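Student: One structure coming up, written as structure tokens, with questions to follow.
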Amino acid sequence: MSLLPVNLSSTSKTLVARRHASSTTPPDDTETNNPVLANYLKKTANAPTSSASAAAQTPPTQGSLAANSIFDITDPKRAGRAPDSDPARRVRDAQVMAQKLDPQPEVRRRWERKMVIKSIQRRGRLSRTQVIKRTEREYQMASSFWKTSMKKLNPLARQIAGKPIEEAIVQMQYSKKKAAIGIHNHLIEARNRAVVERGMGLGHATGTMGEKRSFRLKDGTLHHVFDQTGIYIDQAWVNKGAYGQDSSPRARGRIDRLRLPQTSTFIYDLMWCGRNIH
């Protein structure tokens, strides 16, 4: 087998010339085998080369509020703006909005009919829940879980239910129960949060202290009130949490597994109102 002589110098010159030509002149789509490269070269060829051409592009059209919108444009920069020429942008489609605002009209009509029938049956009288919502402010707060049982917390929850917040704090402060320490701290935090977040118990600060009024507590005793914005505990619950685990060493190398209960209290605070004052 014989080898043919090859002129290396001429071959290298040919390759360099071809590469130089391909880098200077972009090939056509029919001549190249890479469609991605051809598309990129087309975009670079048609792209604007100066900043003046980029500024000449039309800015994006900004939308505007509907004619029946509840938001009023008070900004002087937007008040003098000409209305949008496109009517489709100025008027919203009510049918499209109803799909989000009222997705099930039949269900809504049945519920309205049910509420009307219920109000007629009650002859316009409000329920206890509705009266509380209209006349009182309320605040709910749950404590963290403590390592104690529901059997020990239930008597303390029944002791503070239906009493003013200050009296409940005093009861837990002088209680001999170990779990009363956590409830005492929880009551102080609930009182402070109700004052800050709901504006409850501000009779002394706002000067709205009224005349002496009396009402009966849950246990039937008569209580006198000078501030109708004072806070009292309407309900108190005890919730059961997850059990913890511990070990107890026994004889002959045995170990017993202990299940430690965890519970928390849930306080439901309300303001004084005419419903309980006589």
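Student: Over segment 93-183, with a single point scatterer placed on each C-alpha, what log10 of the ratio I(q)/I(0) does the Debye formula yield at q = 0.14, 0.16 1/Å?
Tutor: Here log10 of I(q) over I(0) equals -0.76, -0.82.
Student: For GLN228, which sequence-distant residues (separation of 5 or more, or a different chain) have an amide H within less than 5 Å of its own amide H, given hydrogens modelled in the peptide plane?
Tutor: Hits under the 5 Å cutoff: GLY210.
Student: Hey, if you drop one equal point scatterer on each alpha-carbon of segment 137-271 and run the Debye formula without solvent, what base-10 log of I(q)/I(0) do you get at q = 0.17, 0.20, 0.21, 0.22 Å⁻¹?
Tutor: Each listed q maps to, in turn, -0.92, -1.16, -1.23, -1.31.
Student: Please give me, ordered by residue number, the trypsin sites (Lys or Arg not before Pro) of segment 109-147 that lie in loop per DSSP and have at most 13 other Cβ atoms within 10 Å.
Tutor: Qualifying residues, ordered by number: ARG122, ARG123, ARG125, LYS147.
Student: Can you list residues from other chains, or at least 5 along the same chain, whose modelled amide H is less than 5 Å from the amide H of HIS223?
Tutor: PHE215, ARG216, LEU217
Each value in this text was obtained by applying a stated rule to the coordinates, not by laboratory testing. All figures in this text were calculated on a predicted structure; none of them were measured in a lab. Glycine gets a Cβ as well: all are built from the backbone with ideal geometry, and neighbour counts include every protein chain shown.
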